[in-house]
Protein chains: 2
Amino acid sequence: MPQQKKLALASIKSMYRVFTVPEAPDSTLSQIDKNISRNLAGFLQDHIVAVEKDLSEVEKDFADPKIPDKPIFVSEQTQFLLDKVVAQSVHTASPSFVGHMTSALPYFMLPLSKIMIALNQNLVKTETSKAFTPLERQVMGMLHRLVYEQDNDFYHRWMHDAYHALGSMASGGTVANITALWAARNLAFPPEGNFKGINQQGFFKALRYYGYEGAAIVVSKRGHYSLSKTADLLGIGRENIIAIDTDDNNRIQLDQLRKKCIELQNKKIKIISIVGIAGTTETGNVDPLDELAEIAREFKAHFHVDAAWGGPTLFSRQNKHLLKGIEKADSVTLDAHKQLYVPMGAGLVLFKDPTKLNSIEHHAQYIIRKGSKDLGSTTLEGSRPGMAMLVHSGLKIIGREGYEILINQGIEKARAFANIIEQNELFELITKPELNILTYRYCPNWAQIALLQASPDEMERINTHLNRITKFIQKTQRELGKAFVSRTCLEPLRYQAVPCVVFRVVLANPLTTIEILEEILSEQAELAKHPKIASEVAAFEKLCSHHSTQTKAC
Amino acid sequence: MPQQKKLALASIKSMYRVFTVPEAPDSTLSQIDKNISRNLAGFLQDHIVAVEKDLSEVEKDFADPKIPDKPIFVSEQTQFLLDKVVAQSVHTASPSFVGHMTSALPYFMLPLSKIMIALNQNLVKTETSKAFTPLERQVMGMLHRLVYEQDNDFYHRWMHDAYHALGSMASGGTVANITALWAARNLAFPPEGNFKGINQQGFFKALRYYGYEGAAIVVSKRGHYSLSKTADLLGIGRENIIAIDTDDNNRIQLDQLRKKCIELQNKKIKIISIVGIAGTTETGNVDPLDELAEIAREFKAHFHVDAAWGGPTLFSRQNKHLLKGIEKADSVTLDAHKQLYVPMGAGLVLFKDPTKLNSIEHHAQYIIRKGSKDLGSTTLEGSRPGMAMLVHSGLKIIGREGYEILINQGIEKARAFANIIEQNELFELITKPELNILTYRYCPNWAQIALLQASPDEMERINTHLNRITKFIQKTQRELGKAFVSRTCLEPLRYQAVPCVVFRVVLANPLTTIEILEEILSEQAELAKHPKIASEVAAFEKLCSHHSTQTKAC
């Protein structure tokens, strides 16, 4: 055999090996595999480097745009991933990382994920998913029941119906929100007379046929940014996401909402949907859903509730009243990779009326044929993994009572931490926790009083310094790597809506303790004394001094 | 301590356990975990039941809409999953399951997926993904270079640029196509004068400002169904996906395309995009991309290429010429979970010009701030898992040469199988493989001749029988569980475009051998003799007999 042909055959053989020969039990990758199963927390602790490298440094390891010609060894790539990726990843499971909506995972999720990946099903159609299709439909039924509490007959009738779906699974809350508002838009401009529907004929003809000048979605200004993205995508336009002011509890102002709706109506702008929020991303507040439902009905708008974060509060008997009115929503978004503790990549939207999702129905010749039970006929995505298996397992293994404990503990911890902040003279609580999210900032007690006495101009100047200090503390704490809170910008009414940079804390990790939270606060207090921010603190103290002297005199 | 409080504490403790205590090494779940690592093929073989249960039977195990109050044991859920889900899932990795675009996974993908899931990063922002962000940007660079072959300076300039992206990762090809056409739509109606752009002001005002009567996307009738979905979603309308006829090789007819474009132009309909296909889903054919690029330029339309399937053909030096012209595309869709052999849930779209994706850019207060490197500012999805790590690992461990072998083998195998079918007197090759997909049907040689001699009416009647027989064979073979080919419906020109049900074979699994394909064909030949289809075969033979006698006489 000529040398060249021998070489070619050897390459082919080695290519087959990656599909047929498991990693050797003593290989680096197999060791990690075992290590993660035996001790996930330890693996993450040992391999993620706490102190943060600058991103531009990290980028140097990812600078080559060339795909290598020759294959490299699995062990070499594994070592690279350990040194350069795992080491410089974010310790989302750490109990002192309380700035994200991503927290620790239950142990059982890991081996179950491995089964899911090994099976490599595609849920777009039964032909590539079989039992995963009824499993996903059951998961939708279970969560539909959690929200809408219909009777058994209802679920018996609809859950596995080939022509309908109770909801649509997605890779996350954004796609879930898009799906909801896509359906809402299509329902707002249905087929009629010689008009074949907006889905068939598009936005231009829809508005022309129905005699509208435009279309809008109304939500509080605390609405998730995915809604603007949705408005862009759906052809509504970002400026037609009408943001209504909120009260000091970050809840939509109902009088303003109604006024705006009347205004839109008078301008011949179709209100496609009114969106309520059950757990705002930044502050965890819940809109008055009951009242929103009523206003939506009044203006014949689809009522969507974005409960991506707060939805699982329904598991808690003592807290579910916070979401009262959610059962009146035409559609509800939930994120399973948030408070259902499923790995990243699982969101969903539920529809109260199972016939409504047909407004976005689609079919093809070779799959999702009409009358098939293929889930793909009412999802935005096409090919999708079997994440429903993990949601199903969470609902069974954690159970309603387990989720109830997790929800209750989070809310209690948030209240306790809010008290601690209020008693600490260096920090100011900006938003009280309604669910398990709170915000605060660096702002000593005396400065709070000074701010209230300051002129608008002075207030803005003082505040600019405070913003810089809070931002510095947040960034530096993150870089030090022991703890992480996130940061956002709010406009509290008590300070005439001047922009305030705040720390944002999300308390969903069951392993986060009050002691850990106290340590986070102590580290922040220390960082306020950091030389790098000293001039900022001095300038701010000087600005306040006039008022603070007065205060101290009181 | 009162009994009730004791119980409550016990529940809390057991809830913590699932986050802190790994599964015991001898538990069912740990055993499966090890089993999959040691012998994936064996695990799938042992646990997936070959013979198919009726879906309505399977549904009985997923009928309860109630979330259990009390948690169940992990072992109990694991057993349930093994018996009811894994057993009744689809053996996508089986070398004799050649009907899907989902095939076997390289072994190393499983432990690597476990690392990815254990890290639970969220790639929407660097704050929750750190090194995963440059890693994903590198992956986009590598694949951009595969398609567009720019020089090192180009990638040095753009790959990690905070204000631009070379492309957008997605959960799959559908979202990738949507993203491409969303950008194309926004680029077609940019801000100008007092018009703020379609992204801001929506479709209605865009068309009014630019003086158009409508908007359209043009593609061959072999275009993926996700394009109609996209047209609905984007407000273009499904009827404005203009489907152009194809030639007998399933490639778009260029004269018809140009004619249609002129017609649209005359009707004042803006052509948003001309879409070329590099690997049609049903037949694996490639449009004449060079010519499409020219026509797109002529009509000032965005040129998008859907290479979800065929893109990786570019790895093959001897076959990449089949995709000639792809480098002229403004955007290209690729699916990593298809021919890059990554687990389900990874697609992406690349943009030739890195400034173009800014047409769908979005920002928020607390993440994806302007100037940050957060990937989320140009993705349709929000929270997303770190699938890029698996694509990266595939590109390194398999390498260009490895993928080249996989691509070449697939194409060679398809050609070999096509020859076998052509030599088999019971079957008719319907579409010759250009890449690694082919279609054929049950239609004996003498019947093929009879069909060509039949009147249009006779042809349709004969064909109806043939369709039923092919459909029966496909379904029954699937139910028997040894092998699987999929099924679609084509309109071959040689039969005056009468709808023909065909078997569809996708040859991407490197473990599929010619012997396996021969067995599949033998089983199909046997099934044609099945009593359940006997009357159909008899009726068809009778209809043909007149012509076949003539034929035999020749």
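Each reported figure results from applying straightforward, stated rules to the coordinates on display, with no laboratory input. Small disclaimer: the values here were computed from a predicted structure and weren't measured. Every residue, glycine among them, receives a Cβ derived from its backbone with ideal geometry; neighbour counts consider all protein chains shown.
Annotations
- If you take the Cα centroid of the stretch A:422-439 and the Cα centroid of the stretch A:289-360, the two points sit 27 Å apart.
- Förster radius 35 Å - calculated FRET efficiency between B:Tyr163 and B:Arg494, Cβ distance, rounded to 0.05: 0.10
- Label-to-label distance for A:His321 and B:Ala416 is 7.2 nm, based on points extended 7 Å past Cα in the beta-carbon direction.
- Residue pairs, from the table B:Lys205/B:Lys370; A:Lys114/B:Lys396; A:Lys114/B:Lys356, whose Cα atoms sit over 31 Å apart: A:Lys114/B:Lys356
- Placed amide H near A:Ser220: partners under 5 Å, 5+ positions off or other chain: A:Ile244
- Start at zero, step by 10 Å, and the Cα-Cα distances of chain A spread as 3, 15, 23, 24, 19, 11, 4, 1, 0, 0 percent across the bins.
- The phi torsions of the stretch B:261-275, fed into the Karplus equation with coefficients 6.51, -1.76 and 1.60 and a -60° offset, translate into couplings of 5, 5, 4, 4, 4, 5, 7, 6, 9, 6, 8, 5, 7, 9, 10 Hz, rounded to whole numbers, with Gly and Pro shown as x.
- Projecting label points 7 angstrom from Cα along Cα→Cβ for A:Leu480 and B:Lys6 puts them 4.4 nm apart.
- By DSSP, the beta bridges lying fully in chain A are antiparallel in about 55 percent of cases.
- Sorted from shortest to longest, the distances between the A:Leu9 label points of this copy and the other copies are 7.2 nm, with each point 7 Å from Cα along the line through the beta carbon.
- Gyration tensor verdict on the stretch A:119-401 (Cα atoms; rounded if a/c is under 1.5, prolate if a/b is larger than b/c, oblate otherwise): oblate
- Each other copy places its own label point for A:Ala416 at 6.7 nm from this one, sorted shortest first, where the point lies 7 Å along the Cα-to-beta carbon line.
- Distance between the modelled labels on A:Asn39 and B:Arg297, one decimal in nanometres: 6.2 nm (7 Å Cα→Cβ projection).
- Förster radius 22 Å - calculated FRET efficiency between B:Glu515 and A:Val21, Cβ distance, rounded to 0.05: 0.55
- Neighbours of A:Thr102, meaning other residues whose beta-carbon lies under 14 angstrom from its beta-carbon, give a summed charge of +3 when Lys and Arg score +1 and Asp and Glu score -1.
- Cα gyration tensor category, rounded, prolate or oblate, for the stretch B:1-134 with a/c compared to 1.5: oblate
- Rg/Rh, computed from the Cα trace of the stretch B:351-441 with Rh as the Kirkwood radius, has the value 1.25.
- With at most 13 other Cβ atoms within 10 Å, longest stretch of chain A clear of loop GluC sites (Glu not before Pro) (DSSP): A:214-424
- Cα-centred dipole magnitude for the stretch B:402-553, charges only on beta-carbon of K, R (+1) and D, E (-1), debye, nearest 20: 360 debye
- When all alpha carbon pairs of the stretch A:402-553 are counted in 5 Å bins from zero, the resulting P(r) reads 2, 9, 19, 22, 20, 14, 8, 4, 2, 1, 0 %.
- Gap separating the Cα centres of the stretch A:72-99 and the stretch A:39-71, nearest whole Å: 6 Å
- Proximal charge balance of B:Asn152 [Cβ under 14 Å; K/R count +1, D/E count -1]: -1
- Near the amide H of A:Ala215, within less than 5 Å, lie the amide hydrogens of A:Lys270, all on another chain or at least 5 residues away, with H placed in the peptide plane.
- Förster radius 41 Å - calculated FRET efficiency between B:Lys370 and A:Asp353 (Cβ-Cβ, nearest 0.05): 0.55
- Comparing A:Gly481, A:Asn419, A:Asn436 along the charge dipole axis of the stretch A:402-553, the residue lying farthest to the positive side is A:Gly481, per the Cβ-charge model.
- 3J(HN,Hα) from dihedral phi, the stretch B:101-111, Karplus parametrisation 6.51/-1.76/1.60, rounded to Hz, x for glycine, proline: 8, 9, 10, 5, 10, x, 3, 5, 5, 6, x
- Total charge dipole magnitude, the protein assembly as shown, about the Cα centre, Cβ charges on Lys, Arg, Asp, Glu only, Debye to nearest 20: 800 debye
- Using alpha carbons only, the radius of gyration of the stretch B:15-89 set against its Kirkwood radius gives Rg/Rh = 1.02.
- Entries of A:Lys60/A:Lys482; A:Lys270/B:Lys270; B:Lys432/B:Lys482; A:Lys471/A:Lys529; B:Lys221/B:Lys475 with Cα pairs more than 20 Å apart: A:Lys60/A:Lys482; A:Lys270/B:Lys270; B:Lys432/B:Lys482; B:Lys221/B:Lys475
- The stretch A:57-213: proportion of alpha-carbon pairs further apart than 27 angstrom, %: 57 percent
- By the Cα gyration tensor, the protein assembly as shown has an equivalent ellipsoid whose semi-axes, rounded to whole angstrom, run 50, 33, 29 from largest to smallest.
- For B:Ala24, the point set 7 Å out from Cα toward Cβ sits 3.3 nm from its twins in the other copies, listed from shortest up.
- The stretch A:402-553, relative contact order [Cα under 8 Å, separation at least 6], %: 27 percent
- For chain A, the 222 nm mean residue ellipticity estimated from helices alone, with every DSSP H stretch of n ≥ 4 adding -39500 (n - 2.57) and the total spread over all residues, rounds to -14000 deg cm²/dmol.
- Net charge of Cβ neighbours under 14 Å - reference A:Met389; Lys, Arg +1; Asp, Glu -1: +3
- By Cβ position, the chain A residue that hugs the axis carrying A onto B most closely, with its distance in whole Å, is A:Gly235, 1.
- Of the two radii for the stretch A:217-321, the radius of gyration is 0.97 times the Kirkwood radius, both from the alpha carbons; that is the Rg over Rh value.
- Under Karplus coefficients 6.51, -1.76 and 1.60, residue-wise ³J(HN,Hα) of the stretch B:382-399 in Hz, glycine/proline x: x, 4, 8, x, x, 4, 4, 4, 6, 5, 3, 5, x, 4, 7, 7, 8, x
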